[in-house]
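J.: Handing you a structure now.
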Amino acid sequence: MALRTIVSRKTLAALGSGLRAEARLAASRGLVTFSLPDLPYDYGALEPAISAEIMQLHHQKHHQTYVTNYNKALEQLEDAMAKGDALAVVKLQSAIKFNGGGHINHSIFWKNLSPIREGGGEPPKGSLGWAIDTDLGSMEALVQRMNAEGAALQGSGWVWLGLDKDFKKLVVETTANQDPLVTKGANLVPLIGIDVWEHAYYLQYKNVKPDYLKNIWKVINWKYASEVYEKECH
Ligand SMILES: [Fe+2]
């Protein structure tokens with residue numbers, strides 16, 4: 001995740017007026033801003049499962065908007081905290097959760113996908129494969145369950161394969177809007193997250209969400225999911 005240290009306008013003004021203590025504090029906190037990560041493949045590389053047009057819009061417009069609005073909300077939060085404005089701090093929480101969640105979820109989503117020629121869709125080998133059989137029945141049962149839960153999700157949201165770190169057990173969960181998986185439990189780590197917002201499929205699949213869910217498995221990056229699983233389990 002690319003981070004860039006920034007100094008706010010307020011901090012600069014304070015620095016100019018003689019380095020007030022709070023300005024030094026703000027600068028020393030190393031306030032950060034977030035930026036859009038590059039995709040690890042071309043926009044057209046996931047075709048025919050996901051069209052280049054969807055990938056480009058999804059990345060350049062939707063994800064970028066979450067990043068922009070997250071940074072804006074964090075800057076406003078910093079101002080509200082500096083002013084001791086308790087009401088403004090509370091009011092900003094929903095924008096931070098929504099846009100920060102959008103940035104976090106999409107950053108995972110791009111890594112969850114891979115072109116077929118680079119191994120996309122190849123079922124996991126090793127310990128994650130065994131865990132899927134043990135905890136969720138089989139790969140077929142997992143796909144069926146995530147597709148059913150994704151299709152049944154009302155409104156916009158995500159369907160996840162996660163790892164419960166405490167019990168070392170795989171779980172299937174859904175989250176609404178842009179809520180990250182961690183909102184369902186601090187011990188949950190996302191392995192695979194599937195975006196079931198209409199913006200993820202409508203241009204290509206129209207209203208047929210089940211076809212999108214069926215085809216996305218052809219480009220799921222199980223290598224990435226396995227790496228996260230191994231790291232968190234050992
Ligand atoms: Fe999305």
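What follows is calculated from the coordinates using simple rules that are stated; it is not laboratory data. None of the values given here were measured: they were computed from a predicted structure. Positions of Cβ are backbone-derived with ideal geometry, glycine not excepted, and every protein chain shown enters the neighbour counts.
J.: Under a GNM of the chain (C-alpha, springs under 10 Å), which listed residue has the highest mean-square fluctuation: Val208, Val189, Val159?
T.: Comparing Val208, Val189, Val159 in a Gaussian network model of the chain, the most mobile one is Val208.
J.: How would you rank Thr134, Thr183, Thr174, going from fewest to most other Cβ atoms within 10 Å of each one's own Cβ?
T.: Lowest to highest Cβ neighbour count: Thr134, Thr183, Thr174.
J.: Here is a further query. Could you point to the residue in Met139, Ala186, Ile50 farthest towards the positive end of the chain's charge dipole, with +1 and -1 charges on the Cβ of Lys/Arg and Asp/Glu respectively?
T.: Working it through, the farthest residue towards the positive pole turns out to be Ala186.
J.: Moving to a separate point now. His199 label point, 7 Å along Cα→Cβ, cut-off 13 Å on backbone N: hits in region 98-121?
T.: Those under the cut-off are 98-107.
J.: Using label points projected 7 Å from each Cα along Cα→Cβ, tell me how many nm separate Ser127 and Asp164, to one decimal.
T.: 1.8
J.: Could you list His62, His106, His234 in order of exposure, starting from the residue whose Cβ has the fewest other Cβ atoms within 10 Å?
T.: Ordered from fewest to most neighbouring Cβ atoms within 10 Å, His62, His106, His234 come out as His234, His62, His106.
J.: So, counting K/R as plus one and D/E as minus one, what does the shell of residues with Cβ under 10 Å around Asp85 add up to?
T.: +1
J.: Quick one: compute a quarter of the convex hull surface over the Cα atoms of region 149-222 and quote it in nm².
T.: For region 149-222, the mean projected area of the Cα convex hull comes to 4.9 nm².
J.: On a straight-distance basis, which lysines could pair with Lys91 in a cross-link, Cα separation under 25 angstrom, same-chain partners fewer than 8 positions away excluded?
T.: Partners found: Lys10, Lys72, Lys83, Lys184.
J.: Using the Cα atoms as the points, what is the convex hull volume per residue of the chain in Å³?
T.: 137
J.: I've got another one for you. Where nothing but the Cβ of Lys and Arg (+1) and of Asp and Glu (-1) is charged, how large is the charge dipole of the chain around its Cα centre, in debye to the nearest 20?
T.: It comes to approximately 720 debye.
J.: Then there is this: Treating only the Cβ of Lys, Arg, Asp and Glu as charged (+1, +1, -1, -1), what charge dipole size does region 37-93 show about its Cα centre? Round to the nearest 20 debye.
T.: It works out to roughly 260 debye.
J.: Kindly put Ile96, Ile54, Ile132 in sequence by how many other C-beta atoms sit within 10 Å of each C-beta, fewest to most.
T.: In order of increasing Cβ crowding within 10 Å: Ile96, Ile54, Ile132.
J.: Taking the Cβ-Cβ separation of Gln56 and Thr134 as r and a Förster radius of 45 Å, what is the calculated FRET efficiency to the nearest 0.05?
T.: Rounded to the nearest 0.05, the efficiency is 0.70.
J.: What is the gain in length, in nm to one decimal, between Gln93 and Glu230 on full extension, counting 0.36 nm per residue of separation less the C-alpha to C-alpha distance?
T.: Length difference between fully extended and current span is 46.0 nm.
J.: With each run of n ≥ 4 DSSP H residues scored as -39500 (n - 2.57), what mean residue ellipticity at 222 nm is computed for the chain after dividing by its residue count and rounding to the nearest 500 deg cm²/dmol?
T.: Rounded to the nearest 500, the figure is -15000 deg cm²/dmol.
J.: Further question: Assuming 0.36 nm per residue, please report the length gained on full extension of the stretch Ile116 to Lys72 beyond their Cα-Cα distance.
T.: 12.1 nm
J.: While we're on this one: On the Cα set of region 79-180, report Rg and Dmax in Å, please.
T.: Using the Cα atoms of region 79-180, the pair Rg, Dmax is 18.0, 55 Å.
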